[in-house]
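To start, the structure under review is shown below, and the notes come after it.
Read the figures in this text as sums done on the coordinates, not as results from a lab. Source: prediction; values computed, not measured. Note that each Cβ is placed from the backbone with ideal geometry, even for glycine, and that neighbours are counted across all protein chains shown.
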Amino acid sequence: MKLPFRKEKELYSSLYQILGFYPKEIHFYKQALLHKSSSVKSEQGKWINNERLEFLGDAILDAIVGDVVFRRFDGKKEGFLTNARSKIVQRETLNKVAIEIGLHRLIKYSVHSNNSHNSNMCGNAFEALIGAIYLDRGYNCCMQFMQQRILDKYISVDSIAYKEVNFKSKLIEWTQKNKVSISFELLEQSSENDGSPTFSSQVFLQGIACGIGKGYSKKESQQIAAKETLEMLKKTGFTHKILNARTIQDIGELPKTETPNSVPTATDSQVITNEEIEASFREISLNTSETKISDKKGNKKLTKDEIVEAAEKAAFEA
């Protein structure tokens, strides 16, 4: 294949090693590798990065993996298939795959941005890559790439599908460390057409309604509700909302603030102190060894807003 631009020879070669074929429309792949911290403006004045391709790739990946597990596990119920697919396409798995195939070396990001240490950056780029393949070559090529280049080499579908992940225990552990009240409430109990009982449960943190789960047992419905709650806690601001809903009685004696004469109240917006956020960040952080809450170069203490942002990003990255 004759490369259209000599300066892009290295990119074409690197992508060929990953994909097993040369791209037809290289601009799709360039965008897939463009992290939002390095966004560029189009001729129309719009900012371009890989977030739109990530959205598309996420949908395509769900369809492909759903197809694979449906055919692989003949006779398994919907709940098992849904959980199997979720575990295969979860960020932790995609992050590892992206690094193993060398995709992380091609991602363009700003070293001056806090987002450069986003632990999901590689997994997000992998989803964007799937979106690029889809636009460049179509669905069948995406399926072939996943089956031949990824699932057969880097992901054991059977092992992951049967791996037990106790989302309820993860959630309870976090609430205990952060002194947050938690309850699981049964919303509904019904039966399907074949007589199989179904249960719907919901999680409440500090009385705030969170994830809802439906399953063939109370335990299964609670697990699904807990998983959905963990996903909610990844969103910016939600963790802060839950922590800030606690009362003085919930959290006990607060650490001293910089203002000696200030007396916090249960409704005070400063109930969450810098020290408390730092402690929460250290306790819950999973696979975030690259993220620090102090500046190494000058050991500069972060502002409260920066600590809150870091804590929210670190919580439940697993």
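Kirkwood hydrodynamic radius, computed over distinct alpha-carbon pairs, for region 8-94: how many Å, to one decimal?
15.4 Å
Rounded, prolate or oblate: which fits region 84-230 when a ≥ b ≥ c are the square roots of the eigenvalues of the alpha-carbon gyration tensor, with rounded for a/c under 1.5 and prolate only if a/b beats b/c?
It comes out oblate by the Cα gyration axes.
Between Ile208 and His240, what length in nm is gained on full extension when 0.36 nm per residue of separation is reduced by their alpha carbon distance?
10.3 nm
Which links in Lys76/Lys219; Lys36/Lys76; Lys30/Lys163; Lys77/Lys168; Lys76/Lys177; Lys179/Lys219 stretch past 29 Å when you go from one Cα to the other?
With Cα atoms farther than 29 Å apart: Lys36/Lys76; Lys30/Lys163; Lys76/Lys177.
If Lys and Arg each add +1 and Asp and Glu each add -1, what is the summed charge of the other residues whose beta carbon sits under 13 Å from the beta carbon of Gly211?
Every neighbour counted, the sum reads +3.
Order the peptides 34-42, 168-176 from the highest to the lowest mean number of other Cβ atoms within 10 Å of their residues.
168-176, 34-42
For region 165-232, I need the span (max minus min coordinate) of the C-alpha atoms along each principal axis, in Å, sorted largest to smallest.
Its Cα atoms span 43, 24, 16 Å along the three principal axes.
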